[in-house]
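Colleague: First, the structure itself, so that you have it in front of you.
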Amino acid sequence: MKSTHHTHRARPTTLLATALAVLLLTATGCSSKADSAKNAGDGADGVKAGPGVTDEVIRLGALTDLTGPYATLGKSIVQAQQMWADEVNADGGICDRRVEIVVKDHGYDVQKAVTAYADLSTDVVALPQVIGSPVVAALLDDIERDKVLTFPQAWAASLLGRDAVQVLGTTYDIDMIAAVDFLTRTKGLGKGDTVGHVYFEGDYGANALEGSQWAAEKAGLKIAGQKIKATDTDLSAQVSALRKEGVKAVLISAGPAQTASLVGVAASRGLKVPVVTSAPGYAPQLMKTPAAPALAALLNVVSAAPAVSSDLPGVRKMVTAYEKKYPGSLLDSGVLSGYNAARLMGNDLKKACEGGSLTREAVVEAHRSQSSVDVGLGTAQNFSDKAQPASTEAYIHKPDAEAVGAAVNVEDAHTAPGVAEYLASRSS
């Protein structure tokens with residue numbers, strides 16, 4: 001194990017061969033935390049272990065959707081995280097241990113997810129993937145009780161405020177503040193204009209609406225809201241209502257099917273106004289549907305991550321490796337999102353190892369001790385304040401059928417004006 005100390009402390013000497021072996025293995029540089037209690041939970045190298053950790057293996061868990069509405073996304077995230085694990089293991093593992101990821105499919109069914117968590121949680125140290133706001137919401141208390149560091153593939157602000165749960169990047173409200181800023185800066189919207197906001201019922205839509213309403217009030221705009229269910233895939237009625245309202249632009253906080261319907265119907269009925277969604281509302285497959293020309297003309301996407309077609313060296317390296325490992329597989333935002341989460345989790349595990357403990361509590365502590373983590377796949381993340389998003393910077397993408405991942409960056413990551421004020425008002 002690598003030393004994190006510049007000075008070597010004298011240790012109590014012992015003639016026991018086991019103690020000598022431990023000293024040799026730890027290169028005389030492990031922290032006092034590892035020395036203090038060589039109990040039954042310690043590994044042969046003196047690193048304190050807990051659920052999911054042996055002398056050979058660090059076991060991580062994934063609660064994903066491989067058979068439900070987000071099956072394509074789930075597959076991308078699972079494959080990207082497996083690629084990361086294979087890369088790490090080929091390089092000697094983490095803390096001299098092999099990384100394994102145990103995958104459970106919940107099919108976007110909350111009850112199945114609760115059962116799968118109960119099954120999985122006894123033997124994993126952390127969860128680099130849990131898909132779905134309703135799923136994470138149902139598991140929050142269990143995750144916090146078990147102190148299992150969890151990275152949701154969900155971005156509702158209601159998931160903030162817990163030690164063990166980390167929303168990566170921005171939250172939906174921050175995205176919509178960025179969206180309103182983008183519309184007023186680049187699409188000519190101004191005081192007195194009306195903006196439509198079509199949104200899913202539940203945490204995703206409610207949190208997005210908080211952001212759009214706050215930003216609209218600041219800009220002198222009016223929000224015309226249209227709440228929809230996840231099962232609504234024909235948005236003709238919503239488009240008719242928004243036309244009557246005379247909207248100059250539309251925000252949509254839903255899934256890719258709803259975005260395609262909204263933009264396609266709007267274009268066919270002459271409502272050719274800019275539309276902005278956040279990352280979960282767009283998928284590359286949409287550019288192979290009849291809505292593709294309308295999407296290319298009207299849609300923009302706010303995302304905490306760069307487009308997969310980005311020329312960031314880290315992203316290009318990931319794309320090359322993914323295409324080689326999974327030829328013919330779709331390269332979408334899920335690949336980048338999953339790989340980024342895995343890389344960040346790897347950082348946390350390495351940091352915990354350097355501190356001499358791979359217990360769940362130690363991994364959470366290592367995670368929360370970092371205020372600027374950049375793994376080269378987008379913006380730096382601040383994990384030190386559990387009540388705030390890890391980042392407030394968002395990119396703007398545009399659909400492009402010819403690009404890798406069918407999207408290109410239009411604007412680089414930046415924090416929209418007003419975000420700091422909004423966060424201060426929300427926490428007060």
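The values are calculated or read from the model by the stated rules, or taken from the named source; none is laboratory data. What you are looking at is a predicted structure, and each value in this text was computed from that prediction instead of being measured. With ideal geometry, Cβ positions are generated from the backbone for all residues, glycine too; neighbour counts draw on all protein chains shown.
Colleague: Examine the stretch 230-237 for a residue that is at pLDDT below 95 and touching an Asp or Glu at 6+ places or on another chain (Cβ under 9 Å), and state whether such a residue exists.
Modeller: yes
Colleague: With LEU73, LEU24 as the choices, which residue is out of contact with any Cys (no Cβ under 6 Å at 6 or more places or on another chain) and at pLDDT 50 or above?
Modeller: Working: LEU24 fails: at pLDDT 50 or above.
The conditions single out LEU73.
Colleague: Is it true that SER329 is touching a helix residue (DSSP H, G or I) at 6+ places or on another chain (Cβ under 9 Å) and either outside the structural domain of ASP374 (by TED's automatic domain parsing) or under 29 Å from PRO389 (Cα atoms) (or both)? Explain how you work it out, then say what you get.
Modeller: Working: touching a helix residue (DSSP H, G or I) at 6+ places or on another chain (Cβ under 9 Å): yes; either outside the structural domain of ASP374 (by TED's automatic domain parsing) or under 29 Å from PRO389 (Cα atoms) (or both): no.
Answer is no for this residue.
Colleague: Could you tell me whether the stretch 162-175 includes any residue that is of a type in the set (Lys, Arg), under 30 Å from LYS398 (Cα atoms) and in a loop (DSSP other than H, G, I, E, B)?
Modeller: First, pick out the residues of the stretch 162-175 that are of a type in the set (Lys, Arg): 162.
Subset that is under 30 Å from LYS398 (Cα atoms): none.
Looking for residues that are of a type in the set (Lys, Arg), under 30 Å from LYS398 (Cα atoms) and in a loop (DSSP other than H, G, I, E, B), one finds none in the stretch 162-175, hence no.
Per-residue answers, yes or no, for (1) closer than 23 Å to SER309 by Cα; (2) in the same structural domain as PRO128 (by TED's automatic domain parsing):
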site	(1), (2)
TYR339	yes, yes
ALA342	yes, yes
VAL364	no, yes
GLN381	yes, yes
ALA387	no, yes
LYS398	yes, no
TYR422	no, no
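Colleague: Any residue in the stretch 308-322 that's in the same structural domain as ALA380 (by TED's automatic domain parsing) and in contact (Cβ under 8 Å) with a residue 60 or more places away in the chain: show its pairings with residues that are surrounded by fewer than 16 Cβ atoms within 10 Å (Cβ to Cβ) and not polar (S, T, N, Q) at Cβ separation under 6 Å, as long as the two are six or more apart or on different chains.
Modeller: Short answer, once both residue conditions are applied: GLY314/GLY376.
Colleague: Residues LYS317, LYS324, LYS350, LYS272: which one is surrounded by fewer than 17 Cβ atoms within 10 Å (Cβ to Cβ), of a type outside the set (A, V, I, L, M) and touching a helix residue (DSSP H, G or I) at 6+ places or on another chain (Cβ under 8 Å)?
Modeller: Working: LYS317 fails: touching a helix residue (DSSP H, G or I) at 6+ places or on another chain (Cβ under 8 Å); LYS324 fails: touching a helix residue (DSSP H, G or I) at 6+ places or on another chain (Cβ under 8 Å); LYS350 fails: touching a helix residue (DSSP H, G or I) at 6+ places or on another chain (Cβ under 8 Å).
That would be LYS272, the only listed residue that is surrounded by fewer than 17 Cβ atoms within 10 Å (Cβ to Cβ), of a type outside the set (A, V, I, L, M) and touching a helix residue (DSSP H, G or I) at 6+ places or on another chain (Cβ under 8 Å).
Colleague: Hey, could you check the stretch 201-230 for residues that are over 24 Å from the mean Cα position of the chain (by Cα) and in a loop (DSSP other than H, G, I, E, B) and say which is surrounded by the most Cβ atoms within 10 Å (Cβ to Cβ)?
Modeller: Of everything passing the filter in the stretch 201-230, LEU221 is surrounded by the most Cβ atoms within 10 Å (Cβ to Cβ).
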